[in-house]
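Data first, discussion second: the structure below is written as structure tokens.
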Amino acid sequence: MTFVFVRHGESVANREGWLAGTLDTPLTPCGRDQALQLRSRLPPLARAFSSDLARARETGLILLEGTDIGLDETPLLRERHLGPWAQRRREDLPDPDDLIGWDSAPSGAESQADVAARVVPWLASLPEAPGNTLIVSHGGVIRVLVGLLDGTHRDAIGMRKVGNCEMLMRHAGPECLRELLQ
């Protein structure tokens with residue numbers, strides 16, 4: 001299967017410089033423009049999924065406007081739960097390296113390993129599609145998925161930056177996806 005991973009457009013949290021995690025924060029006008037600009041560059045799609053958070057859902061709906069493809073939402077594609085770090089600026093965190101380590105997270109939050117354990121089995125469970133599968137999600141989720149698919153060392157996955165409305169395409173069959181967590 002070929003996956004077209006897209007991070008949502010700029011959100012209010014992105015614009016204001018705070019970490020949203022699973023908090024719902026809408027797109028800014030700039031974020032909607034980013035999605036409109038990306039729409040013309042998308043490859044042909046067979047189906048589409050998004051996080052159920054507003055910033056990803058709205059991005060997905062803009063990307064699919066004018067097509068007959070529906071957007072299936074799932075909470076499994078939500079951004080990493082940040083616990084006590086939600087709504088804080090990165091520079092105000094006591095140990096910002098906890099954001100980039102594979103197994104590290106503040107108390108009550110998800111690590112990148114937790115995100116992988118949540119998202120990879122769902123992705124592997126998708127039936128084969130005759131074309132490209134759009135996945136509209138969040139930087140943390142896409143960072144983990146693309147890092148694993150690319151064979152990036154797990155300690156380096158957190159270093160990757162995924163820009164707003166950045167599109168990353170990867171091919172992976174169900175067997176490959178199931179092997180990612182072994």
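The values are calculated or read from the model by the stated rules, or taken from the named source; none is laboratory data. Because the structure is a prediction, the values reported are computed rather than measured. Don't worry about glycine lacking a Cβ; one is built from the backbone with ideal geometry, like all the others, and counts go over all protein chains shown.
Structure values in brief
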item	result
Candidate set from region 102-121 (those that are closer than 13 Å to residue 180 by Cβ and touching a Phe, Trp or Tyr at 6+ places or on another chain (Cβ under 9 Å)); member that is surrounded by the fewest Cβ atoms within 10 Å (Cβ to Cβ)	113
Filter pass, residue 73 being in contact with a Lys or Arg (Cβ under 9 Å, 6 or more places away or on another chain), surrounded by 14 or more Cβ atoms within 10 Å (Cβ to Cβ) and in contact (Cβ under 8 Å) with a residue 12 or more places away in the chain	yes
Enumeration of residues in region 29-81 that are within 26 Å of residue 100 (Cβ to Cβ) and touching a Phe, Trp or Tyr at 6+ places or on another chain (Cβ under 7 Å)	74, 76, 77
Test result for residue 76, over 30 Å from residue 111 (Cβ atoms) and either part of a loop (DSSP other than H, G, I, E, B) or at pLDDT 95 or above (or both)	no
Scan of region 134-177 for residues that are closer than 14 Å to residue 115 by Cα and free of Cβ contacts under 8 Å to residues at least 24 places away in the same chain, ordered by number	147
Residue ID - surrounded by the most Cβ atoms within 10 Å (Cβ to Cβ), chosen from residues in region 125-151 that are within 17 Å of the chain's Cα centre (by Cα) and hydroxyl-bearing (Ser, Thr, Tyr)	137
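Listed here are the residues, each with its yes/no results for (1) at pLDDT below 95; (2) aromatic (Phe, Trp, Tyr); (3) surrounded by fewer than 22 Cβ atoms within 10 Å (Cβ to Cβ); (4) not in a helix (DSSP H, G or I).
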site: 6; (1), (2), (3), (4): no, no, no, yes
site: 35; (1), (2), (3), (4): no, no, no, no
site: 41; (1), (2), (3), (4): no, no, yes, yes
site: 47; (1), (2), (3), (4): no, no, yes, yes
site: 59; (1), (2), (3), (4): no, no, no, no
site: 63; (1), (2), (3), (4): no, no, no, no
site: 68; (1), (2), (3), (4): no, no, yes, yes
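Residue-by-condition table, conditions (1) within 15 Å of the chain's Cα centre (by Cα); (2) more than 16 Å from residue 140 (Cα to Cα); (3) of a type in the set (Val, Ile, Thr):
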| site | (1), (2), (3) |
| --- | --- |
| 3 | yes, yes, no |
| 12 | no, yes, yes |
| 20 | yes, no, no |
| 24 | yes, no, no |
| 38 | no, yes, no |
| 49 | yes, yes, no |
| 72 | yes, yes, no |
| 76 | yes, no, no |
| 82 | yes, no, no |
